[in-house]
1. Of all residues in region 47-69, which are buried (at least 21 other Cβ atoms within 10 Å of the Cβ) and not in a strand (DSSP E or B)?
2. Which of the following residues is in a loop (DSSP other than H, G, I, E, B), open to solvent by 20 Å² or more (accessible area, probe 1.4 Å) and of a type outside the set (Val, Ile, Thr): Phe265, Phe270?
3. Only one residue in Ala248, Ala166, Ala177, Ala146 is assigned to a loop (DSSP other than H, G, I, E, B), at pLDDT 95 or above and within 18 Å of the chain's Cα centre (by Cα). Which one?
4. Checking the condition more than 21 Å from Ala78 (Cα to Cα), open to solvent by 30 Å² or more (accessible area, probe 1.4 Å) and among the small types (Gly, Ala, Ser), which residue from Gly25, Gly38 passes?
5. From the list Gly165, Gly170, Gly224, Gly158, which one is under 27 Å from Val140 (Cα atoms) and free of Cβ contacts under 8 Å to residues at least 60 places away in the same chain?
6. Val254 - would you say it is assigned by the TED database to the domain that holds Ala182, in a strand (DSSP E or B), farther than 30 Å from Tyr118 by Cα and modelled with pLDDT of 95 or more?
Amino acid sequence: MNYIVCEEPGTFLLKEQDIPKPKAGESLLRIRKIGICGTDIHAFGGTQPYFNYPRVLGHEIAAEYVEGSAVGFNTGDAVSFIPYFSCGSCVACRNGLTNCCTSIKVFGVHIDGGMAEYVVVPDGYLLHGEGLDFDELALVEPLAIAAHGVRRAGVREGETVLVMGAGPIGIGLIKFAQQAGAQVIALDVNEHRLDFCKDELGVWQTLNPMNADVMERLAEITNGDMPTVIIDATGNRNVMNSAFQYLAHGGRYVLVGLQKGELSFSHPEFHKRESTLMSSRNATREDFQYVIESIKSGTINPKKYITHRIAFKDLPSGFEDLLAPENNVIKALVEIND
């Protein structure tokens with residue numbers, strides 16, 4: 001079979017190896033679609049934490065079940081899986097927080113991932129397709145990340161939520177915050193993405209820090225209250241640090257985006273607000289199921305977010321084109337075995 005490996009930052013290579021064989025408790029999957037996400041982009045650029053090279057990327061997966069020991073799964077079934085493999089015994093796992101297991105192995109980050117024609121995964125992480133097609137299944141994982149972030153934030157009806165970063169994760173955050181009844185402000189430097197948020201998601205307000213004073217505009221939009229919830233999906237340290245001053249008194253700030261450096265903020269400003277700061281990592285089975293049900297019910301349509309497609313064999317030479325701002329990529333899918 002063919003697979004693609006990120007040998008070092010900036011370098012993808014197409015290689016060949018034997019199709020893996022599943023052991024007891026494992027299943028063989030034939031990959032059909034692979035979503036390109038921020039984790040893959042940061043890994044390609046050399047800025048991804050928890051990472052080493054060489055590595056096969058890819059954890060947003062839609063696949064066909066081939067063979068294995070999973071009960072209730074049959075050859076040809078459309079499937080996805082939860083790509084966070086946990087130990088099951090650490091303090092986080094014992095408390096049901098398998099998404100932040102102390103020795104977690106994220107598919108495509110800590111271990112080789114899904115940019116391959118076939119992969120083997122543990123049976124316990126498989127997800128039935130439940131009637132979703134391969135495009136929809138490939139977007140379940142990033143939407144689960146977003147659903148988890150909104151759940152962490154405890155978004156309530158009538159709240160004002162500032163989502164920073166209008167990429168695929170940010171778009172999911174916006175959608176699920178709206179489903180929770182919030183008024184959402186989208187912040188990004190990319191006008192095309194902000195237009196998408198207005199036209200396709202119906203966001204309440206948009207903000208571009210390149211042509212507006214964010215503090216002034218937020219105060220104006222919220223009548224001086226400022227957002228009660230801020231969720232970062234940029235992973236940009238400067239953006240993340242600046243947002244502490246945007247938060248309402250009594251507000252919550254949730255970091256979904258990830259960066260390598262340190263956060264820095266004024267303790268008196270943070271303290272006087274009685275602010276809550278939290279991170280949101282990965283997602284749980286509950287979040288995955290919520291996303292699948294939301295797609296099935298039509299409350300979210302992930303196909304709207306897919307703007308670009310690329311053939312598997314073209315990815316090594318074409319990946320950088322997907323990163324170019326002028327190409328207006330929102331969500332790109334790698335197509336394989338079609």
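1. Gln48, Leu57, Gly58, His59, listed by residue number.
2. After ruling out the rest, the residue left standing is Phe265.
3. Selected residue: Ala166, the only one of Ala248, Ala166, Ala177, Ala146 that is assigned to a loop (DSSP other than H, G, I, E, B), at pLDDT 95 or above and within 18 Å of the chain's Cα centre (by Cα).
4. The unique qualifying residue is Gly38.
5. Gly158
6. Yes; evaluated as a whole, the condition is true for this residue.
This table checks each residue for (1) of a type in the set (Val, Ile, Thr); (2) touching a helix residue (DSSP H, G or I) at 6+ places or on another chain (Cβ under 8 Å).
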| position | (1), (2) |
| --- | --- |
| His148 | no, yes |
| Gly158 | no, no |
| Val161 | yes, yes |
| Met164 | no, yes |
| Pro168 | no, yes |
| Gln178 | no, yes |
| Ile185 | yes, yes |
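Residue-wise test of (1) at positive phi; (2) in contact with a strand residue (DSSP E or B) (Cβ under 6 Å, 6 or more places away or on another chain); (3) small (Gly, Ala, Ser).
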position	(1), (2), (3)
Gly167	no, no, yes
Ala180	no, no, yes
Leu194	no, yes, no
Glu200	no, no, no
Ala212	no, no, yes
Arg217	no, yes, no
Thr222	no, yes, no
Pro227	no, yes, no
Ile231	no, yes, no
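The values are calculated or read from the model by the stated rules, or taken from the named source; none is laboratory data. As the structure is a prediction and not an experimental result, all values here were calculated from the model. Neighbour counts are summed over all protein chains in view; Cβ atoms, including those assigned to glycine, are modelled from backbone coordinates with ideal geometry. Just so you know, the surface numbers come from the protein's heavy atoms only, side chains and all, with ligands and any DNA or RNA stripped out. Shrake-Rupley method; radii C 1.70, N 1.55, O 1.52, S 1.80 Å.
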